Amino acid sequence: MLCAPGGVNYENWSGHSNLQLRLDNVIGAIANNMMKTISIINQPINNRGDQAAHKSFVKLLSDNGFDVNVLFIGNKENYYPFCKGISGAKYQYFAKRVRGIGTILKQLSRYPALFKLSRFLPGYKDFMQHIRESDLVVCAPGGVCMGPYKSWSHLINLDIALSNNGNVAIWGRSIGPFIDKTPSDKLFFEKSKEILRQVGFISLRDLSSQNILSSMGLDYIPTLDTAFANTPEVDLPQELSYLQDEKYIVFVPNELYAWHPIFKKTNHQKMDSLYLDIARKITSLGYKIVMLPQLFNRGTKGDYYYFRNLESQSDLPGIKVISEEFDCDIQQAIIRNAKAVVGARYHSIIFAINNLIPFLCLSYEQKMHYTLRMLHLDSYSVDLKDIVENNKKDVVYAKIESIIEQNEQIRTVLHKQRDVARNILSDAFDEFLKYSSNI
């Protein structure tokens with residue numbers, strides 16, 4: 001379903017009941033795609049949610065006959081924890097990235113002729129060769145690198161792909177909102193628009209991103225997060241088997257003031273205090289707390305260390321911080337055994353829906369709220385910035401009480417809306433197959 005500017009109505013979305021491809025309109029596309037080589041670029045590597053989306057996307061591609069390569073620029077040691085245990089793709093690693101590459105690329109981008117020279121930075125020569133040898137290059141599912149995160153390396157990788165291979169797609173991504181305050185912001189926005197206009201296929205995973213692309217006059221395919229393509233059926237490992245008998249709620253805070261552009265001026269103590277107050281509320285309702293670190297392999301900048309710091313500040317005995325070593329499948333198994341999820345990370349909410357677990361979304365970005373709007377689940381979301389700045393913790397408390405009291409009814413709603421999510425995703429992947437079959 002190709003959406004021209006103006007968007008799509010999700011109210012009565014129809015589509016597949018699952019991800020089995022409809023023979024009447026895609027069998028030819030599958031045959032044409034057999035053994036085509038796809039190279040995936042711009043893969044986020046430090047988030048268990050992105051790992052789940054990647055794992056599902058690779059499976060979709062390999063099950064449909066594609067030869068899948070994932071291209072990384074940097075040291076293999078940095079990427080191995082993300083790729084470990086994932087089958088269906090070959091992982092290619094190139095030379096170590098240049099220190100300060102973001103600043104270098106931003107300066108080069110001021111001059112279009114010089115921006116092209118960035119491809120001669122260490123690691124890019126072999127990277128370009130793999131791009132040229134691919135039938136199709138796909139920008140991996142992920143967050144708003146083309147938006148408030150302002151990732152110049154994200155843009156240069158897409159620019160290289162477009163310059164060396166005419167067949168480039170963006171799959172299941174979020175974009176924007178674009179900041180427009182400084183000359184650097186404006187430059188990034190203009191370069192992003194230039195690239196988006198050249199990409200042959202774009203699918204976007206939330207309503208906000210879709211509206212932004214519509215405002216540019218560009219077409220897109222609506223989808224939802226690729227993690228919905230698979231609900232893993234794995235058991236808890238032995239060291240976590242004690243959770244089977246526990247009565248707990250999964251709580252996933254987010255140290256947003258340390259990294260997110262929108263929260264840079266947020267008072268650290270106010271945000272931490274809110275998280276601790278939420279933890280106290282959960283325990284007052286008779287539940288233990290399990291914290292799942294979604295950001296991993298980042299040393300002391302990862303979620304695990306932040307969660308341990310919150311734990312040390314609390315006076316609560318019922319907090320368990322899970323090791324960051326457990327992958328996305330184990331995280332979903334932990335969530336599947338929980339009473340509810342309270343999450344300030346996007347994929348903690350995707351995992352909850354995927355496993356039919358009632359949730360409260362502490363939304364810090366438009367992608368979170370507008371994903372839930374696509375599924376008519378936005379009543380289970382609050383604006384985290386508003387809650388922190390205006391001390392509206394009572395709103396959070398009431399929502400938590402509600403998802404516990406209405407737990408079974410909410411699970412029924414989630415079962416229906418998970419099917420809707422899978423239908424939207426399945427339709428989008430059919431469109432991708434049709435696009436790729438024509439290259």
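The values are calculated or read from the model by the stated rules, or taken from the named source; none is laboratory data. Nothing here was measured: the structure is a model prediction, and the numbers come from that model. No Cβ is skipped: glycine too gets one built from the backbone with ideal geometry, and neighbour counts run over all protein chains shown.
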Would you be able to say whether some residue in the stretch 79-91 is under 26 Å from Ile202 (Cα atoms), part of a strand (DSSP E or B) and modelled with pLDDT under 90?
no
Among the listed residues His369, His415, which satisfies the condition of being crowded, with 17+ Cβ neighbours inside 10 Å, on the phi < 0 side of the Ramachandran plot and either in contact (Cβ under 8 Å) with a residue 12 or more places away in the chain or out of contact with any strand residue (DSSP E or B) (no Cβ under 9 Å at 6 or more places or on another chain) (or both)?
His369
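Here is a yes/no grid of residues against (1) buried (at least 24 other Cβ atoms within 10 Å of the Cβ); (2) over 25 Å from Ala52 (Cα atoms); (3) more than 21 Å from the chain's Cα centre (by Cα):
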residue: Glu194; (1), (2), (3): no, yes, yes
residue: Leu224; (1), (2), (3): yes, no, no
residue: Thr231; (1), (2), (3): no, no, no
residue: Leu240; (1), (2), (3): no, no, yes
Those residues of the stretch 290-330 which are farther than 22 Å from Glu246 by Cβ and of a type outside the set (Lys, Arg), in sequence order:
Leu295, Phe296, Asn297, Gly299, Thr300, Gly302, Tyr305, Tyr306, Asn309, Gln313
Pairs please, first residue from the stretch 84-109 and in the same structural domain as Gln129 (by TED's automatic domain parsing) and closer than 19 Å to Ile160 by Cα, second anywhere and assigned to a loop (DSSP other than H, G, I, E, B) and at pLDDT below 65, Cβ atoms under 9 Å, 6+ apart in sequence or on different chains.
Ile104/Val98
Does at least one position in the stretch 265-286 carry a residue that is at positive phi and modelled with pLDDT of 95 or more?
yes
Pick from the stretch 242-260, criterion part of a helix (DSSP H, G or I) and of a type in the set (A, V, I, L, M), ranking: surrounded by the most Cβ atoms within 10 Å (Cβ to Cβ)
Leu256
Are any of the residues in the stretch 377-388 of a type in the set (Gly, Ala, Ser) and touching a His at 6+ places or on another chain (Cβ under 7 Å)?
yes
Being under 30 Å from Lys55 (Cβ atoms), assigned by TED's automatic domain parsing to the domain that holds Tyr79 and modelled with pLDDT under 95 is the requirement here; does Met128 meet it?
yes
Residue that is surrounded by the fewest Cβ atoms within 10 Å (Cβ to Cβ), among those in the stretch 151-179 that are farther than 23 Å from Tyr124 by Cβ and in contact with a Gly (Cβ under 7 Å, 6 or more places away or on another chain)
Pro177
Filter the stretch 303-329 down to the residues that are under 27 Å from Lys399 (Cα atoms), of a type outside the set (D, E, K, R) and not in a loop (DSSP other than H, G, I, E, B) and list them by number.
Tyr304, Tyr306, Phe307, Asn309, Leu310, Ser312, Gln313, Ile319, Val321, Cys328
Is it fair to say Thr300 is farther than 30 Å from Phe432 by Cβ and assigned to a helix (DSSP H, G or I)?
yes
Of the numbered conditions (1) over 24 Å from Leu121 (Cβ atoms); (2) in contact with a strand residue (DSSP E or B) (Cβ under 9 Å, 6 or more places away or on another chain), Thr182 satisfies every one except a single condition; which is it?
(2)
